[in-house]
Every structure is written in C-alpha cells, then in structure tokens.
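One structure is given below, encoded as structure tokens.
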Amino acid sequence: MVFSSVEALSPFLNLAMAALFLGTLFYLVRLNEKVTAMRGAQSELRTLLRACSDQVDGAEKAITTMRGVAQQLAGDLGRSLEEADRMKTAIDATTAEIAAMLARLDAGAAAVTAQPNPASPQGAKRGKPGKQVPPQQRGPVRPAGPTDQGDRAAALRLFRETFRAL
C-alpha cells in the first residue's frame with residue numbers, strides 16, 4: 001500500500017487542505033459580498049421606514065387638525081341652526097301679527113264701506129217714489145301709498161330696518 005505512510009500522504013493532505021482553504025476563502029468572499037449588500041439594503045430599509053414613520057406622523061397631525069376644524073364647523077353650524085330657528089320663530093310671530101292686523105284692517109274696511117255717507121248726493125236727493133236708484137257699491141279702500149320719493153325712501157328705510165331687526 002502506497003498510502004500507508006503518513007509522509008506519502010502529506011502532499012495530498014496539503015493539497016486537499018489548500019483546496020479546502022481556497023474554497024472557504026471563496027465562500028467567505030461571496031458571503032461578505034452578500035452581507036455588504038444586505039447591510040446596504042438594511043440602511044435603505046431603515047431610510048424607508050423612517051420616511052414612512054414621518055409620513056404617518058404627518059398624517060396623524062393632519063387628522064388631528066381636521067378633527068379640530070370639523071368640531072369647530074359643527075359648533076358653528078349648530079349656532080347657525082339655532083339662530084335660523086330663532087329667526088324662523090320671529091318671522092312666524094311677525095307673520096301672525098301681520099295676519100291679525102290684516103284681519104282688523106279688513107274688518108275696518110268692511111265697516112267703512114257699510115256705513116252710509118251722509119254727505120253723498122244720493123242721501124240729499126230723493127227721487128220719485130216709483131224710481132229707486134240702487135246705491136253705488138264701493139269696494140274696500142286701499143291705503144294711500146307714498147306720494148313722493150321722500151316718502152318712498154322713508155318707507156323702504158323702515159322696511160329694511162324692520163327686516164334687519166328680525
């Protein structure tokens with residue numbers, strides 16, 4: 001047997017050890033490249049995570065701001081609705097007062113048209129007993145409107161002030 005002596009095996013062992021050493025070096029170089037690439041990817045991942053975290057923080061701040069604005073708008077809307085309800089109540093009350101005034105005016109106009117006018121020429125003249133002239137029927141009297149521009153301007157000013165007061 002040729003391989004029985006250790007001295008005869010020594011060159012083969014040295015060659016095998018050198019090959020294993022070179023293989024290990026080659027494997028370590030490749031592993032080092034992969035670790036370096038992974039570290040680069042890890043730093044990129046940290047950068048991405050940091051940017052994502054910043055974006056989430058910004059979104060949370062924006063949501064908090066939007067909630068505050070929404071609450072403020074809801075409060076303003078509630079106050080506007082309450083004011084509109086008060087204005088509606090005031091308008092309803094004013095409308096009821098106007099309706100009552102119109103009813104009184106209609107009753108007064110009916111009373112004025114129902115009373116005979118003593119200064120009318122028909123009351124002073126009497127026709128023949130056979131001839132009867134039917135009395136003239138007059139409609140309700142309309143209130144006189146503003147006669148000149150000064151009265152019209154005063155009426156418009158009064159209307160605006162009354163409307164603003166509501």
Cβ-defined net charge surrounding ASP92, 14 Å radius [Lys, Arg +1; Asp, Glu -1]: 0
Net lengthening on full extension, MET17/VAL69 (0.36 nm per residue, minus Cα-Cα): 11.1 nm
Calculated SAXS-style log₁₀ I(q)/I(0) at q = 0.15, 0.18, 0.25 Å⁻¹ - segment 16-92, Debye, Cα scatterers: -0.78, -0.87, -1.04
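Computed from the coordinates by the stated procedures, all read-outs in this text should not be read as laboratory data. Note that the structure is a prediction, hence the values are computed from the model and not measured. As a convention, Cβ positions derive from the backbone with ideal geometry for all residues, glycine included, and neighbour counts pool all protein chains shown.
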